[in-house]
Amino acid sequence: MEQKRVTILGSTGSIGTQALQVVRRLGYRLEAISANTSTDLAEQQVRAFSPRYAVMMDPQAAADLKIRLADTSTQVLCGMEGLCQIASLPENDLVLNSVVGMIGLQPTLAAIEAGTDLALANKETLVAGGQLVIEAAQKKKVKILPVDSEHSAIFQCLQGNPKKDALHKIILTASGGPFFGKKREELERVTVKQALRHPNWVMGAKLTIDSSTLMNKGLEVIEAVWLFQKPVDDIEVVIHRESVIHSMVEFIDGSCIAQLGVPDMQIPIQYAMTYPNRVPSGAKPLSLTDYGKLTFYQPDYKTFSCLQVCIDAMRMGGLYPCAANAANEEAVALFREEKIRFLQIGELVEKATFAQRMPLDYALEDVFWAEQEARRFVREHCK
């Protein structure tokens, strides 16, 4: 198998650290990494992998890392300019984008413009600017390889079935998060600590809270629309507590194909890196008899309103999904700071998403405008 040259955006997060384990196992060459403020871990990663570049989004962190790495050949860059620079390196065979939030959109477009295949774990890229990203990827003939376990599952299920008109429906599975089965009145006093207890997956804080509100699944619905070019009403969400079936597809003849495996993110990360090849991953083998049974439930759209907001936003199209995502980012940040209650996340996201008319056709500057407007609305209405 060929040795690829890889750049990892968001290398100190949950996906990024696991991706580095995959890079080491595969013997790939790490060209560049990026992080926000985690200088300790970024320094460790540079010394372990010797990338040519390391980007810190925070200026102080960049200055600190530059001093720490003075004895190495790694060049330290800073901010969005540095992030886009390493995303568009001509040496890259693959860029893995695992940064959190809408900050991932510009480096995604930079990698595509450079003609580099993209392993995408930053779902906000497609939620905020899906039209721009897909059009650019088609123009440059760039592959977008999904890293999210659900979208990787769909992608795998569709291998060997490339005809779009044969696909009837996508079935996205969801764990249901830590508050599955609870009603609104039971969620009035939810704490940040409780929201961060995911039953199956180890993820970053923002993603874990998104899972607890089902916002994460709403964002994945929008992402699936763009990745697999299916209308939002052809995507069904099913609660599957065991997280063994990562998603399914149903064809027009009634056949369903599912991708199963233990909940281990190194499997979809590695498949995106090695596609179309498969190699041993080191993941624990799946034993269905260990689980005994697999269960499935309908989502509670009323209690977990973020999911319905995302579906409605995608039906309206344009920048409504962008507004929903930006409002959620702001609301989750306020919740983590204990400035709003758990249920206010969904309430603020819904109000901010539909507070004003959003453009249906848009350019990159319109995405930033929609983001700012949604964030402003949340801040002004969070009391």
Of all DSSP beta bridges with both partners in the stretch 142-276, the antiparallel percent, nearest 5, is 65
Filter the trypsin sites (Lys or Arg not before Pro) in the stretch 182-268 down to the DSSP loop ones having no more than 12 other Cβ atoms within 10 Å, then list what survives.
K183, R189, R197
With r defined as the distance between the Cβ atoms of R24 and K143 and R0 fixed at 25 Å, what FRET efficiency is calculated, to the nearest 0.05?
0.60
Percent carbon-and-sulfur accessible area, the stretch 2-119, ignoring ligands, DNA and RNA, probe 1.4 Å
47
Accessible area per residue of the chain at 1.4 Å probe, in Å²?
43
Only bridges with both residues in the chain count here: give the DSSP antiparallel percent, nearest 5.
30
Extension gain (nm, one decimal) between I252 and K169, 0.36 nm per residue minus Cα-Cα:
29.1 nm
Place a +1 charge on the Cβ of each Lys and Arg in the stretch 230-320 and a -1 charge on the Cβ of each Asp and Glu, then give the dipole magnitude about the Cα centre in debye, rounded to the nearest 20.
240
Can you tell me the Rg and Dmax of the stretch 1-65, counting just the alpha carbons, in angstroms?
11.4, 40
In Å, the Kirkwood hydrodynamic radius from C-alpha pairs for the chain sits at 21.2
quick shape note, the stretch 244-299: Cα extents on principal axes in Å, largest first -> 32, 31, 21
Quote the convex hull volume per residue of the stretch 257-383, based on C-alpha atoms, as a whole number of Å³.
195
Helix-only mean residue ellipticity at 222 nm, the chain, DSSP H runs n ≥ 4 weighted -39,500 (n - 2.57), per residue, nearest 500. What is it?
-14000 deg cm²/dmol
Give me the Debye-computed log₁₀ of I(q)/I(0) at q = 0.10, 0.14, 0.17 Å⁻¹ for the stretch 11-151, equal point scatterers on Cα only, no solvent, two decimals.
-0.30, -0.60, -0.89
Which of V23, G130, Q75, positive extreme of dipole for the chain (C-beta unit charges):
V23
Could you check the spin-label model distance between Q266 and Q356? Points 7 Å from the Cα along Cα→Cβ, value in nm.
4.8
Considering the zone a paramagnetic label at V279 would reach in this model (a point 7 Å from Cα along the Cα-to-Cβ line), which residues of the stretch 9-29 have amide N under 17 Å from it?
18-29
Placing +1 on the Cβ of each Lys and Arg and -1 on the Cβ of each Asp and Glu in the stretch 236-329, which of G318, P268, L307 has its Cα farthest towards the positive end of the resulting dipole?
P268
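Normalising by the residue count of the chain, find the relative contact order in percent from Cα pairs under 8 Å and 6+ residues apart. Provide the component values of the computation, followed by the final result.
Details: 713 pairs, mean separation 55.0, N = 383.
Dividing the mean separation by the residue count of the chain yields 14 percent.
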Candidate lysines for bridging to K139, where Cα separation is under 22 Å - those fewer than 8 sequence places away on the same chain excluded:
K123, K163, K164, K230
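Report D for the stretch 322-383 in µm² per second (integer): Stokes-Einstein, Kirkwood Rh on Cα pairs, 10 °C, 1.306 mPa s.
Rounded to a whole number, D works out at 138 µm²/s.
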With all protein chains present, how much of the accessible area of the stretch 243-367 (probe radius 1.4 Å) comes from carbon and sulfur, to the nearest whole percent?
51
Whole-Hz couplings from phi, Karplus 6.51/-1.76/1.60, listed for the stretch 126-136; x for Gly and Pro:
7, 5, 7, x, x, 4, 5, 5, 5, 4, 5
Which whole-Hz ³J(HN,Hα) couplings does the stretch 38-47 yield from phi under the Karplus relation 6.51 cos²θ - 1.76 cosθ + 1.60, θ = phi - 60°, glycine and proline marked x?
7, 5, 4, 5, 4, 4, 4, 5, 4, 5
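The values are calculated or read from the model by the stated rules, or taken from the named source; none is laboratory data. Since this is a predicted model, take the numbers as computed values, not measurements. Don't worry about glycine lacking a Cβ; one is built from the backbone with ideal geometry, like all the others, and counts go over all protein chains shown. Each accessible area value is taken on the protein alone, full model and side chains, heavy atoms only, with ligands, DNA and RNA left out. Shrake-Rupley method; radii C 1.70, N 1.55, O 1.52, S 1.80 Å.
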